[in-house]
Amino acid sequence: MSETDFDVVVVGAGPAGSCAALSLAKAGHSVLLVERGPFAGSKNMYGGVVYPRILDALIPNWWEEAPIQRWVTRRQTMVMTPTQSLTIDYRSDTWAKPPYNGATAYRPDFDFWLAGKAEAAGAQLICSTTVTGLLRDGHGRTIGVRTDRPDGDITARLVIACDGVNSFLAKEAGLYRRDVDANSFTLGVKETIALPTDVINERFGVRGREGADIEIIGCTGDVNGGGFIYTNLDTIGVGVVLKLSKLGAQRQRPEEIIANLKAHPSVAPLVEGGEVKEYSAHLIPEAGYDMIPTLAGDGLLIAGDAAGLCLAAGIWLEGVNFALASGMYAGDAAADALRSDDTSAAGLAGYRQRLERTFVLKDHAKLRHIPHLVLGDRLQQEYPQMVANIVERMFRVDNPRPKPGIRRILTQERRHAGIRWRDLAKDTWTAMRGFG
Ligand SMILES: Cc1cc2nc3c(=O)[nH]c(=O)nc-3n(C[C@H](O)[C@H](O)[C@H](O)COP(=O)(O)OP(=O)(O)OC[C@H]3O[C@@H](n4cnc5c(N)ncnc54)[C@H](O)[C@@H]3O)c2cc1C
C-alpha cells in the first residue's frame, strides 16, 4: 500500500460530510473534511426542520448542545386554493421533551456545530477550498482529490463525496444516472422573515421553545410544488418548492409565487408586519428512489443529496436526516473497508447494505411513487379544489335547503373537478401503498 496524505478525504461539510468525518475520526482514521465555504454551513440553506434522532448513536444527548431554535410540537398540513384552506393540525406534548421529534435550526449554526464535533473527534477541516475533481490512477480508481489551493492535490485511500445535490464528483466518476433530468429536481426558495418572539408565539399558538411547522399543498399556482412555514425564535421561514421543469415552462418567477403565498388569507395574518431578512434558493433532488446513483466506486463513496437521498415530495422535506444517516453509514463502511484493506467497490459494498437495512433505503423504496404522485398534475391542480369544495359544502348551512348527503357531494365534486374514478382509485392506492 502506497503512502497517502489521509486515509479518507470527505468532500463537503454539510450534514452528510460532517457525519462521515465524525464516524471515521471516532474509528481512529486520519480524515480531511474539505469545504468550499468560508465555514461549515456558510453556503447551506433549507426549509428549517431537522429530524436528528439518527445522531443518538454518534452524539449521545445531542439535544443538550445542538444549536436548536425550537422543538416542533405542532405540525400542520394545509390544502389551499386561492380563496380556501383546509388544515390538519396535530400537536404533541411528547415532542417537547427528549428525545424530541423535529427541531428548527439555522443551517449555518447546525452545520458549524456538527463539523466542530468531527474536528473535536480528530478530523481535520479545511474551509474556503473547492474540490475541483477526482485524482484517479491508471485503472480509473479514485486516489484523492484536486483542489483549487496552490498546494493542489490531496491523496487518500478513499474519497467520500458529500458535495450536495447534482454532485459533479458522482458525475465525474460515472456513477450518476443518465435518466436524471430537470424533472428530477425542484427549486426551493425561502424568505427568512423577522418577527418578535412573542408575536410568533401568539400567531402560531406555541410557547417557550415550542415550534410549529406548516406544509402547504396547492399554493404554487400553475407550477407544481408545495409551500412551508417554519418558526424559529425570532424569525419565520416561508418558502416554496417548485418543480424545475414546470417553472421553466410556466415562466413564473419564484418570488411572485412566494408573494402570492404570503398574500393568501390564511397566511397573511401570520407574516403581517414581518421584515424580510434573507432570501435564499437551492436545488432539491426530488425523484427519490428512482434517482439514486450507484453508491460506490473503486475508492469512492457518495452520500447525502449527492446520492439523491432526500424525500422532499414538494412538501415533505426530509433530507437532513438522510444526509446524517448516509454520511454516518458511509463512514462506518469506509472504516470496515480500510481495516480489511479493500477499498474497491466490492470492498465498500457494506455501505449499500447498511442503507438497505435501515430507514434510509427502506423509506426511499416504500415511498418510491410518492414524489411523482404529490408533484403530479392531479394532486397539484385538481385535488386541492375538489377537497376544499367538499369540505365547504359539508360545513355550509344552506337553509332553507336541507343538507346534501356526503355521497352526493363527493360524486358531484369529483365530476365537477373532472377526475375519473379510475384515477382517484389509482392515486388512493398509490398513497396507501406508500404510507401503508
Ligand atoms: C428549500 C429547501 C428546503 C429544505 N427543507 C428541508 C427541511 O426542512 N428538512 C430537511 O431535513 N431537509 C430539507 N431540505 C433538504 C436538505 O437541505 C438536504 O437534503 C441536506 O442539506 C443534504 O445534506 P448534504 O450534506 O448531503 O448536502 P449539503 O447540505 O448541500 O452540503 C453539501 C456541502 O458540500 C459543500 N460543497 C459542495 N461542492 C463542494 C466542492 N466541490 N468542494 C468543497 N465543498 C463542496 C457545500 O458548500 C456544502 O457545505 C431542504 C432543501 C431545500 C433546498
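Within this structure, Gly331 fails the test of being assigned to a helix (DSSP H, G or I), touching a Cys at 6+ places or on another chain (Cβ under 6 Å) and either at pLDDT 95 or above or within 21 Å of Asp181 (Cβ to Cβ) (or both).
Has region 380-391 got at least one residue that is outside the structural domain of Asp427 (by TED's automatic domain parsing) and either in contact with a strand residue (DSSP E or B) (Cβ under 6 Å, 6 or more places away or on another chain) or away from the ligand (no atom under 16 Å from the Cβ) (or both)?
Going residue by residue through region 380-391, those that are outside the structural domain of Asp427 (by TED's automatic domain parsing) are none.
No, because not a single residue in region 380-391 is outside the structural domain of Asp427 (by TED's automatic domain parsing) and either in contact with a strand residue (DSSP E or B) (Cβ under 6 Å, 6 or more places away or on another chain) or away from the ligand (no atom under 16 Å from the Cβ) (or both).
Does Val34 fit the bill of being over 13 Å from Leu125 (Cβ atoms), of a type in the set (A, V, I, L, M) and either at pLDDT below 95 or in contact with a helix residue (DSSP H, G or I) (Cβ under 9 Å, 6 or more places away or on another chain) (or both)? In short, no.
You will find that of Ala303, Ala325, the residue that is at pLDDT 95 or above, within 7 Å of the ligand (Cβ to nearest atom) and not assigned by TED's automatic domain parsing to the domain that holds Asp222 is Ala303 and no other.
Check region 334-346 and report whether any residue there is closer than 30 Å to Trp429 by Cα and touching a strand residue (DSSP E or B) at 6+ places or on another chain (Cβ under 9 Å). Reasoning before the result, please.
First, pick out the residues of region 334-346 that are closer than 30 Å to Trp429 by Cα: none.
No: zero hits.
Among the residues of region 37-61, those identified as within 13 Å of the ligand (Cβ to nearest atom), in a loop (DSSP other than H, G, I, E, B), closer than 19 Å to Gly304 by Cβ and touching a residue at least 12 places away in the same chain (Cβ under 8 Å) are Gly37, Phe39, Ala40, Gly41, Ser42, Asn44, Met45, Tyr46, Gly47, Gly48, Tyr51. Being within 18 Å of Val276 (Cα to Cα), in the same structural domain as Tyr279 (by TED's automatic domain parsing) and of a type in the set (Val, Ile, Thr) is a condition met by no residue of region 214-228.
When the residues of region 390-408 are filtered to those that are assigned to a loop (DSSP other than H, G, I, E, B) and basic (Lys, Arg), which remaining residue is modelled with the lowest pLDDT?
Quick first cut of region 390-408, residues assigned to a loop (DSSP other than H, G, I, E, B) only: 396-405.
Those still in the list that are basic (Lys, Arg) too: 396, 401, 403.
Numbers: Arg396: 94, Arg401: 92, Lys403: 88.
Ranking the candidates gives Lys403 first.
With the requirement that a residue be more than 13 Å from the ligand (Cβ to nearest atom), of a type in the set (Phe, Trp, Tyr) and out of contact with any His (no Cβ under 6 Å at 6 or more places or on another chain), what does region 273-300 give you? Answer for region 273-300, where residues must be more than 13 Å from the ligand (Cβ to nearest atom), of a type in the set (Phe, Trp, Tyr) and out of contact with any His (no Cβ under 6 Å at 6 or more places or on another chain): there is none.
Quick one: which of Thr155, Thr132, Thr87, Thr186 is modelled with pLDDT under 95 and part of a strand (DSSP E or B)? Let's see the steps before the verdict.
Numbers: Thr155 fails: modelled with pLDDT under 95; Thr132 fails: modelled with pLDDT under 95; Thr87 fails: modelled with pLDDT under 95.
Selected residue: Thr186, the only one of Thr155, Thr132, Thr87, Thr186 that is modelled with pLDDT under 95 and part of a strand (DSSP E or B).
Please specify each residue of region 244-279 satisfying the condition of being within 19 Å of Met78 (Cβ to Cβ) and outside any helix (DSSP H, G or I). Before the answer, list the steps.
Taking region 244-279 as the starting set, the residues that turn out to be within 19 Å of Met78 (Cβ to Cβ) are 257-272, 274.
Once the filter is applied, which keeps residues that are within 19 Å of Met78 (Cβ to Cβ) and outside any helix (DSSP H, G or I), region 244-279 yields His264, Pro265, Ser266, Val267, Glu272, Gly274.
Per this entry, Gly17 is not counted among residues that are in a loop (DSSP other than H, G, I, E, B) and closer than 25 Å to Gly122 by Cα. Is it true that Ala170 is of a type in the set (Gly, Ala, Ser), buried (at least 21 other Cβ atoms within 10 Å of the Cβ) and in contact with a Phe, Trp or Tyr (Cβ under 6 Å, 6 or more places away or on another chain)? Spelling it out, Ala170 is indeed of a type in the set (Gly, Ala, Ser), buried (at least 21 other Cβ atoms within 10 Å of the Cβ) and in contact with a Phe, Trp or Tyr (Cβ under 6 Å, 6 or more places away or on another chain).
The set of residues from region 62-84 being touching a residue at least 60 places away in the same chain (Cβ under 8 Å), under 22 Å from the mean Cα position of the chain (by Cα) and outside any strand (DSSP E or B) comprises Ile68, Gln69. Within region 96-105, none of the residues are within 12 Å of the ligand (Cβ to nearest atom), closer than 26 Å to Asn321 by Cβ, surrounded by fewer than 18 Cβ atoms within 10 Å (Cβ to Cβ) and under 23 Å from the mean Cα position of the chain (by Cα). Gly14 meets each of the listed conditions (1) more than 7 Å from the ligand (Cβ to nearest atom); (2) buried (at least 21 other Cβ atoms within 10 Å of the Cβ); (3) under 20 Å from the mean Cα position of the chain (by Cα); (4) not hydroxyl-bearing (Ser, Thr, Tyr) apart from (1).
Yes or no: region 151-159 includes at least one residue that is among the small types (Gly, Ala, Ser) and surrounded by fewer than 23 Cβ atoms within 10 Å (Cβ to Cβ). Yes, some residue in region 151-159 is among the small types (Gly, Ala, Ser) and surrounded by fewer than 23 Cβ atoms within 10 Å (Cβ to Cβ).
Scoring Pro384 on the criteria (1) touching a residue at least 60 places away in the same chain (Cβ under 8 Å); (2) under 30 Å from Ile59 (Cβ atoms) leaves a single failure, condition (2).
Every listed requirement among (1) over 17 Å from the mean Cα position of the chain (by Cα); (2) of a type in the set (Val, Ile, Thr); (3) under 25 Å from Leu317 (Cα atoms); (4) within 14 Å of the ligand (Cβ to nearest atom) is met by Val34 save one, (3).
The values are calculated or read from the model by the stated rules, or taken from the named source; none is laboratory data. Small disclaimer: the values here were computed from a predicted structure and weren't measured. With ideal geometry, Cβ positions are generated from the backbone for all residues, glycine too; neighbour counts draw on all protein chains shown.
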